[in-house]
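The values are calculated or read from the model by the stated rules, or taken from the named source; none is laboratory data. Here the structure is a predicted model, which means the values were calculated and not measured. We place every Cβ from the backbone using ideal geometry, glycine too, and count neighbours over all the protein chains shown. To get the accessible areas, we keep the full protein, side chains included, count just its heavy atoms, and leave off ligands, DNA and RNA. Shrake-Rupley method; radii C 1.70, N 1.55, O 1.52, S 1.80 Å.
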Amino acid sequence: MNSVRKVFLTVSLLFFAFLQTWGWNIAAHRDGAQTGGYDYMLYTPDAAEQTKEAQPLIVFLHGASLQGSDLKRVERYGPLDAVHKGMDIPAYVLAPQCRGGWNAAKVMKTLESVMRERSIDTTRIYVIGMSMGGYGSLDFASAYADRLAAAMGICGGVNNSIDPLATLPLWILHGTADTPVPISQSERIVNRIKQINGGERLIFTRLPGIDHGKPARLFYRHEMYEWLLEHRLTDEGRPVNRNYVLNNESIQKAYRDLPGHGRSVR
């Protein structure tokens, strides 16, 4: 009996270790060279397995610390890590991996590769990113503002034209104590958008006293994903939803709503 119990315990531990490494419907795709895009990880929501209805998709662009050729690195922080920690995100999450900075056209090639294989709601495609990924997200949103329902840039900036960013719902967050990427990079975007249309589709959140790294905790807040998913490309006038709050308190309570502590994304 003891030997049987030992075998059962060993099998159980191996099973849960397998889940910890490969579970939660997250799969690696290493065909970037063939498609003209990037290698990527893809999270598939439960709804995609349970219904034939098209599902929304969130593109997550990582920061410089996660670049390279080891795809597992893109799970170290961000939405895929939030899924590993128990958050239920009701959307595909596409997490490509780059080396040496983001290229908007290659991100789109990667997205189009996923769209050929999966049923994606083309009115509900979003992009989020932080630091280098914040730049990448806003460059991507600038290049494809007519194809994204909403975008979010955290402690980043933009290299492409700012003007297209005024046309879609956009949330920019930046810490005032950020030294690697000073808040002036976001303020430049905000000021230009306000010149264009008064910032009617823009939310700008200053995070007083917050440095460059701490905003990564926002990826573990349900409000981030709920805000994105409230928007559709077909919304008349493309208004921005101002009913959500992400701030210093959100950072301090980053993990409170994860399973074991509360709820997941609605």
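Can you tell me which residue within the range 174-210, out of those that are within 20 Å of the chain's Cα centre (by Cα) and charged (D, E, K, R), is least open to solvent (accessible area, probe 1.4 Å)?
Looking at the filtered set, the residue picked out is Arg201.
Which one of Ala95, Ala104 is surrounded by fewer than 24 Cβ atoms within 10 Å (Cβ to Cβ) and touching a residue at least 40 places away in the same chain (Cβ under 8 Å)?
Ala104
Only one residue in Val107, Val158, Val127, Val114 is in contact with a helix residue (DSSP H, G or I) (Cβ under 9 Å, 6 or more places away or on another chain) and assigned to a helix (DSSP H, G or I). Which one?
Val107 is the lone residue from the list that is in contact with a helix residue (DSSP H, G or I) (Cβ under 9 Å, 6 or more places away or on another chain) and assigned to a helix (DSSP H, G or I).
Does the range 76-86 contain any residue that is among the basic types (Lys, Arg) and either open to solvent by less than 10 Å² (accessible area, probe 1.4 Å) or more than 16 Å from Gln55 (Cβ to Cβ) (or both)?
yes
In this structure, does Asp46 turn out to be over 12 Å from the mean Cα position of the chain (by Cα), acidic (Asp, Glu) and at pLDDT 95 or above?
No; evaluated as a whole, the condition is false for this residue.
Which fully enclosed helices (runs of 4 or more DSSP H) of the range 19-100 have 2 or more residues being of a type in the set (D, E, K, R)?
46-50
Scan the range 143-152 residue by residue and report those that are open to solvent by 10 Å² or more (accessible area, probe 1.4 Å) and not in a loop (DSSP other than H, G, I, E, B).
Result: Ala143, single match.
Condition first: touching a Lys or Arg at 6+ places or on another chain (Cβ under 6 Å) and either modelled with pLDDT of 95 or more or assigned to a loop (DSSP other than H, G, I, E, B) (or both). Can you find one or more residues in the range 130-142 that meet it?
No; the residues of the range 130-142 include none that is touching a Lys or Arg at 6+ places or on another chain (Cβ under 6 Å) and either modelled with pLDDT of 95 or more or assigned to a loop (DSSP other than H, G, I, E, B) (or both).
Looking at Ala141, Ala149, Ala145, which one is under 14 Å from the mean Cα position of the chain (by Cα) and over 14 Å from Tyr92 (Cβ atoms)?
Being under 14 Å from the mean Cα position of the chain (by Cα) and over 14 Å from Tyr92 (Cβ atoms) holds for just one of Ala141, Ala149, Ala145, which is Ala141.
Of everything in the range 211-266 that's modelled with pLDDT of 95 or more and β-branched (Val, Ile, Thr), which residue is most open to solvent (accessible area, probe 1.4 Å)?
Thr234
Listed here are the residues, each with its yes/no results for (1) more than 25 Å from Leu207 (Cα to Cα); (2) free of Cβ contacts under 8 Å to residues at least 40 places away in the same chain.
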{"position": "Leu111", "(1), (2)": "yes, no"}
{"position": "Tyr126", "(1), (2)": "no, no"}
{"position": "Ser137", "(1), (2)": "no, no"}
{"position": "Ala145", "(1), (2)": "yes, yes"}
{"position": "Gly157", "(1), (2)": "no, yes"}
{"position": "Pro169", "(1), (2)": "no, no"}
{"position": "Gly175", "(1), (2)": "no, no"}
